[in-house]
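The values are calculated or read from the model by the stated rules, or taken from the named source; none is laboratory data. These numbers come from a predicted model, not from an experiment. Don't worry about glycine lacking a Cβ; one is built from the backbone with ideal geometry, like all the others, and counts go over all protein chains shown.
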Amino acid sequence: MNIVSFNANLDLLQPYPFERLRTLHEGITHKGTLQHISLSIGEPKHNPPKFVIDELSNADSLAKHLATYPATKGSDALRTAIAQWLKRRFAVTVNPDLGILPVNGTREALFSVAQALLSGNKDTLVAMPNPFYQIYEGAALLAGAQPLYIPNLVELNYKADFSSVSPEQWRKTEMVYICSPGNPTGQIMQREQMQWLIELAQEYDFNIVSDECYAELYYEDDNLPESILAAAHAMGLPDFDRCLAFHSLSKRSNLPGLRSGFVAGDPNLIEKYLSYRTYHGCALGAHHQAASALAWQDEAHVVENRQLYRDKFRAVSEILSPHYNLSQPEGGFYHWLPTPICDQEFSQRLLAEQHITVMPGSFLGRDTPQGNPGHNHARIAWVAPFDECIQAAQRLAAFAQNL
């Protein structure tokens, strides 16, 4: 028998939620005539900006960009456009030469930043919300660290309970993932809590990785999602010491297929991360960089996109509120819906009876001594066109009445 060597940490990875969902739904079929509606995947379906499509379709521009190796650091034009957007949106000044790196979508970057910045010590902890985006967990495990799950509890209005972390755990922590607005909870982390975490980072010597991919999707103009960079700047840290912010065009501009985002923040961390990425071979294609620069420079399509989500949430909430214990998210495009029965049974029966797919909350959380905070919740992604979302909400209402 041949012995094959591989990274043993791969055996620590748990199946991705969508793989678990396929297994959960094996053998379950809808016997009626309803058209299937998927509400399980956070894949934006609104139209992308036409000017981005035009740029990607420009034959002369494409020919020029495809004939060059893209720079890992990104073009001056793209980094400048990002710096200008950060200034407009969060009132922070980031040096485009030292504090910004384009990335192939933030999923890639949220994973690889752990490989670049963690020490590899066997007792290292990486803190992350629970429930969470599973990339955080996989990044920690494959870097040889242990996940430290921070519960987002209903009794705290789904805010992260960092008070549950002991001083001993903080001393072992090298990185903390945060997500605001949260996936799946939709809650916004306020500046005061960010600054408290930044103070802990200075005291205990860890880095903060702030996933801000949903920051442009919010529902109250007087409750805008904050950036870790703005929170650090307001504390008198103009170089954003130990802080990195991750942003994407996927949700903001309906461009998930472009795989375009950026990381910005502490120049010392950016320098180390750039060195890693130079060897990683993950430069964003030059034609994608050109299109991305245009997207970061335009706000009109973002305002329009945000209004589409606001209209959908207003409409579906009106339909669902009489039947579910519904909370309006502060941001993002998910309802984190308490289920009146076990979340996995809820998902199975909803598929069979109403031909709708939703993600069981327990698949997005992890079991802890205090339980799995995702249990008896379902993540519902309102990414489909308006009429399809209305149909889905009506079916969910009918389903609740028949439970």
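Per this entry, residue 254 is counted among residues that are assigned by TED's automatic domain parsing to the domain that holds residue 209, outside any helix (DSSP H, G or I) and not β-branched (Val, Ile, Thr).
Have a look at 127, 71, 160 and point out the one that is out of contact with any Asp or Glu (no Cβ under 9 Å at 6 or more places or on another chain), farther than 23 Å from residue 199 by Cβ and touching a residue at least 24 places away in the same chain (Cβ under 8 Å). It is 71. Please work out if residue 318 is under 28 Å from residue 205 (Cβ atoms), modelled with pLDDT of 95 or more and either exposed (fewer than 15 other Cβ atoms within 10 Å of the Cβ) or aromatic (Phe, Trp, Tyr) (or both). Answer is no for this residue.
The set of residues in the stretch 161-184 being under 21 Å from the mean Cα position of the chain (by Cα) and over 19 Å from residue 218 (Cα atoms) consists of 161, 162, 174, 175, 176, 177.
Mind checking whether some residue in the stretch 296-318 is assigned to a helix (DSSP H, G or I), closer than 15 Å to residue 74 by Cα and touching a residue at least 40 places away in the same chain (Cβ under 8 Å)? Yes. A count restricted to the stretch 103-129 and to residues that are more than 15 Å from residue 207 (Cα to Cα) and either in contact with a Ser or Thr (Cβ under 7 Å, 6 or more places away or on another chain) or not assigned by TED's automatic domain parsing to the domain that holds residue 74 (or both) stands at 2. Is it the case, given these coordinates, that residue 273 is assigned by TED's automatic domain parsing to the domain that holds residue 394, under 21 Å from the mean Cα position of the chain (by Cα) and of a type in the set (Phe, Trp, Tyr)? The answer is no for residue 273. Which numbered condition trips up residue 335, out of (1) in a loop (DSSP other than H, G, I, E, B); (2) of a type outside the set (A, V, I, L, M, F, W, C); (3) out of contact with any Asp or Glu (no Cβ under 8 Å at 6 or more places or on another chain); (4) surrounded by 24 or more Cβ atoms within 10 Å (Cβ to Cβ)? So the condition that residue 335 fails would be (1). Only one entry of 269, 229, 244, 274 meets the criterion of being touching a residue at least 60 places away in the same chain (Cβ under 8 Å), in a strand (DSSP E or B) and at negative phi, and that entry is 244. Just one residue in the set 301, 377 is modelled with pLDDT of 95 or more and out of contact with any strand residue (DSSP E or B) (no Cβ under 8 Å at 6 or more places or on another chain); that residue is 301.
One line per residue, one yes/no per condition, for (1) part of a loop (DSSP other than H, G, I, E, B); (2) modelled with pLDDT of 95 or more:
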site: 113; (1), (2): no, yes
site: 121; (1), (2): yes, no
site: 126; (1), (2): no, yes
site: 129; (1), (2): no, yes
site: 137; (1), (2): no, yes
site: 141; (1), (2): no, yes
site: 144; (1), (2): yes, yes
site: 151; (1), (2): no, no
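Here 146, 134 are screened, and the one residue that is over 25 Å from residue 379 (Cα atoms), touching a residue at least 12 places away in the same chain (Cβ under 8 Å) and not charged (D, E, K, R) is 146. Examine the stretch 218-239 for a residue that is surrounded by fewer than 19 Cβ atoms within 10 Å (Cβ to Cβ), touching a Cys at 6+ places or on another chain (Cβ under 8 Å) and hydrophobic (A, V, I, L, M, F, W, C), and state whether such a residue exists. Yes: the stretch 218-239 contains one or more residues that are surrounded by fewer than 19 Cβ atoms within 10 Å (Cβ to Cβ), touching a Cys at 6+ places or on another chain (Cβ under 8 Å) and hydrophobic (A, V, I, L, M, F, W, C).
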